[in-house]
1. Among the residues of segment B:81-102, write down those that are more than 7 Å from chain A (Cβ to nearest Cβ) and either within 12 Å of A:F68 (Cα to Cα) or modelled with pLDDT of 95 or more (or both).
2. Could you check how many residues of segment B:112-141 are under 16 Å from B:L185 (Cα atoms) and either at the interface with chain A (Cβ under 9 Å from one of its Cβ atoms) or of a type in the set (S, T, Y) (or both)?
3. I need a count of the residues in segment B:245-274 that are open to solvent by less than 40 Å² (accessible area, probe 1.4 Å) and not in a strand (DSSP E or B).
4. What is the number of the single condition among (1) surrounded by fewer than 22 Cβ atoms within 10 Å (Cβ to Cβ); (2) in contact with a Leu (Cβ under 6 Å, 6 or more places away or on another chain) that A:R113 does not meet?
5. Picking from B:L362, B:L405, which residue would you name as being open to solvent by less than 60 Å² (accessible area, probe 1.4 Å), within 30 Å of B:A163 (Cβ to Cβ) and not β-branched (V, I, T)?
6. Can you confirm whether segment A:287-301 contains a residue that is exposed (fewer than 13 other Cβ atoms within 10 Å of the Cβ), in a loop (DSSP other than H, G, I, E, B) and under 24 Å from the mean Cα position of the chain (by Cα)?
7. For segment B:37-69, how many residues are more than 8 Å from every other protein chain (Cβ to nearest Cβ) and over 17 Å from B:V22 (Cβ atoms)?
8. Any chance you could count how many residues in segment B:295-330 are under 28 Å from B:R388 (Cα atoms) and part of a loop (DSSP other than H, G, I, E, B)?
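The values are calculated or read from the model by the stated rules, or taken from the named source; none is laboratory data. The model shown is predicted, which means the values in this text are computed figures rather than measured ones. No Cβ is skipped: glycine too gets one built from the backbone with ideal geometry, and neighbour counts run over all protein chains shown. These area figures cover heavy atoms from the full protein model, side chains too; ligands, DNA and RNA do not enter into them. Shrake-Rupley method; radii C 1.70, N 1.55, O 1.52, S 1.80 Å.
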Amino acid sequence: MDLQAIWFFLWGLLWAIFFMTSGFDFGIGTLLPFIGKTDEEKRTMIASLGPLWHGNQVWLITAGGVTFAAFPLVYAVMFSTLYSALMLVLFTLILRGVAIEFRSQQNDPRWKRIWEICIFIGSFAPALLFGVAFANIFKGIPFDADGIYHGNLLTLLNPYGLLGGVLFVMLFLQHGALWLSIKTTGTVQQRAAAVGQKAWPVLVAVAVIFLAASWYATDLYANYLNHPALFLVIALAVAGLLAARLFMAGQSWIKAWAASAVTIVSCTFYGVIGLFPSLFPSSLDSAFNLTARNASSSPLTLKIMLVVVIVFVPIVLIYQIWAFKLFGSKVAAADLAHEEGAY
Amino acid sequence: MDVVMLSRLQFYATSAFHFLFVPLTLGLSWVVAYMETRYVRTGDETYLKMTKFWGKIFLINFAVGVVTGITLEFQFGTNWSGYSKYMGDIFGTLLAIEATAAFFLESTFIGVWHFGWKKLSAKAHAAVAWLVAIGANLSAVWILIANSWMQNPVGYTIRGGRAELTDFFAVITQKFAVLQIIHVLSSAFVLVGFVIMGISAYHLLRKQNVDFFTRSFQIGLVCGLVGSLVVAIEGDLHAKDVTEKQPVKLAAMESLWETTRQAPIYLLALPDEENGRNAIELLPIPGALSFLGHGDVNAEIRGLNDFPRDERPPVLWTFLAFRGMVGLGTYFILITIYAFIRRKKLLESPLLLKILVLSIPLPYIAIQLGWVVTELGRQPWIVWGMLRTADAVSAVSVLQVATTLVGFFLIYSLLGIVGYYLIFKHAKQGPQLESA
């Protein structure tokens with residue numbers, strides 16, 4: 001594989017890791033009003049992601065930064081054509097971020113209520129919008145040779161785009177429910193486990209519809225038909241789904257969560273592989289497609305970034321896994337009563 | 001207003017707001033790590049209380065700094081796609097390295113630090129505090145390298161209608177970047193010094209937690225004094241570098257219109273941009289500007305009228321911002337020297353303590369003014385001498401940008417009010433309620 005192709009897949013990988021890590025944060029935030037009935041239950045839920053969500057969110061900054069560094073033309077055209085959608089993601093992410101930190105700072109039910117709403121919106125909306133955005137990218141965005149967008153925010157809310165949004169929300173809901181099952185005890189865990197089991201058939205149905213709809217709405221399958229071995233990626237996504245259900249039945253939450261992570265990563269790669277070599281296809285004319293070939297940085301920049309990523313991403317993964325293990329035990333009453341910093 | 005002006009306003013508002021919170025985290029991260037290390041070394045509980053009290057102020061600032069930082073990274077694409085296409089090969093690389101090699105470190109370990117008190121040994125926990133400080137400051141270093149490249153592009157060639165990287169080492173080691181890094185990181189120490197001294201002074205005036213706040217004050221004093229001296233010494237080198245690389249910016253900073261040998265600095269001046277002269281010029285210090293720019297009172301300094309009108313930055317605001325920053329910087333040195341002299345008699349110096357409480361906002365203002373000089377003084381260029389700001393904007397509509405500008409205004413106002421309300425509340429409360 002040449003540099004541009006390597007970078008294409010690294011680009012996909014970084015987005016996949018972002019969805020895999022922040023995915024459960026979004027899922028738990030979306031579930032907050034439904035699983036957390038009392039203040040203590042809500043605090044338990046927030047505490048389950050408390051030490052980790054900052055680190056998870058940096059994968060978004062890295063995915064964005066790497067898009068900028070390796071494919072500046074894609075970064076420029078993608079972010080400006082999707083202006084309104086991205087700004088909406090930003091606004092809601094900002095609210096979620098401060099809400100997680102601010103909620104516990106005052107012991108007043110109304111104060112807490114406001115920030116809970118922000119956590120919910122700031123988790124549900126980005127999950128939905130990332131799904132809508134990526135589904136639309138799979139389908140192609142109406143932009144011309146100069147990278148100028150011929151559409152509006154509503155253009156993105158087409159049936160296939162919305163289906164992608166629902167798929168992301170369901171993936172993250174299950175992912176979050178499984179994380180809660182690992183990290184909590186008592187009623188929160190019971191409710192989370194129930195949500196995971198109820199969400200599963202819906203997720204399977206949405207995933208099947210999405211795979212079928214992609215046949216009609218996108219050109220994703222062209223690469224698969226040319227190289228049938230690639231269908232293994234879809235098989236992996238299916239295997240992840242099935243394994244998650246089996247592990248849920250056996251109450252092996254960590255394994256179920258890992259299976260869900262496999263599903264999320266392989267779903268992302270399902271799209272990324274289908275897109276190759278395009279990163280940002282145009283629905284107006286395929287001649288305008290931005291690809292790994294016509295939109296990349298110079299070879300020197302790609303080389304330097306490759307060294308940076310090969311050196312630092314494994315280091316980051318090592319210390320993040322260490323942090324995951326450090327905070328791997330169940331959220332206990334002692335954690336919530338802790339004098340400072342408890343949510 | 002057109003898309004260019006709206007996008008500039010939006011970038012100004014979002015970056016200025018971001019940088020109300022970030023500088024304190026830069027300086028405070030070191031201070032908290034130091035306090036915690038003292039606790040581990042001496043076993044003195046007061047240091048532990050100090051770590052937690054000042055650490056909480058760090059955490060609130062960090063929370064707001066992080067969420068507003070994402071906005072900045074995205075805006076290069078959303079609002080400045082012309083810039084991103086042209087400069088991404090170099091600028092994007094620096095931002096991506098910042099995230100991968102620095103920001104991950106800070107963000108991952110801040111969670112560990114915040115929640116790991118009972119999970120880690122005291123030594124390991126203190127080590128985590130140092131990792132946070134290193135991550136935070138390295139992060140700033142990469143961003144400043146990127147910004148310096150917009151001020152003074154090096155190590156590139158123009159190929160295929162864009163700037164491409166040719167010498168990475170030149171980009172990350174250029175003098176402009178080194179100076180800017182020293183300037184920003186040491187001004188963060190000035191800020192943290194005045195914030196700690198101010199909050200401590202508030203409590204000392206009320207004779208609350210005297211031991212706790214006297215010790216905190218001493219640490220703040222060292223930060224403030226050393227920081228403001230370093231800023232001043234570095235500022236002198238910085239001015240000479242700007243004279244060489246951005247002569248028109250220097251002329252605007254001092255509102256010098258005609259090219260002059262033995263150029264003076266007028267203590268009182270008011271630019272008249274329409275007529276290309278100063279409306280008021282009083283109290284000259286002969287040769288001072290030549291000395292500032294070249295280290296030689298007889299040297300020639302190029303005036304604004306030597307440059308085409310469409311290559312000059314807005315003079316009035318660049319000039320006023322520079323004056324304000326230098327004035328405040330001078331004040332910081334004088335007041336910290338005085339505080340140093342009185343450091344053993346703080347409780348008997350209520351006037352000094354009152355002044356220091358009231359001085360808390362000043363380094364914030366100085367830092368904001370410094371960025372106005374740097375960024376407004378760079379106009380009309382987005383990359384000095386290479387790409388004009390007006391040519392860098394995205395093909396988005398006025399309505400889109402106006403809407404998001406209003407959105408940012410509303411959300412950031414909320415963040416600002418709540419963030420500072422929480423910091424004030426915590427600072428006023430003091431440490432005694434911490435263990436409740």
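1. Residues satisfying the conditions are B:Y83, B:Y86, B:M87, B:I90, B:F91, B:L94.
2. Of the residues in segment B:112-141, 1 are under 16 Å from B:L185 (Cα atoms) and either at the interface with chain A (Cβ under 9 Å from one of its Cβ atoms) or of a type in the set (S, T, Y) (or both).
3. 14
4. That leaves (2) as the condition not met.
5. None of the others qualify; the one that does is B:L405.
6. Scanning segment A:287-301, I find no residue that is exposed (fewer than 13 other Cβ atoms within 10 Å of the Cβ), in a loop (DSSP other than H, G, I, E, B) and under 24 Å from the mean Cα position of the chain (by Cα), so the answer is no.
7. So the answer is 16.
8. Going through segment B:295-330 one residue at a time, the tally reaches 7.
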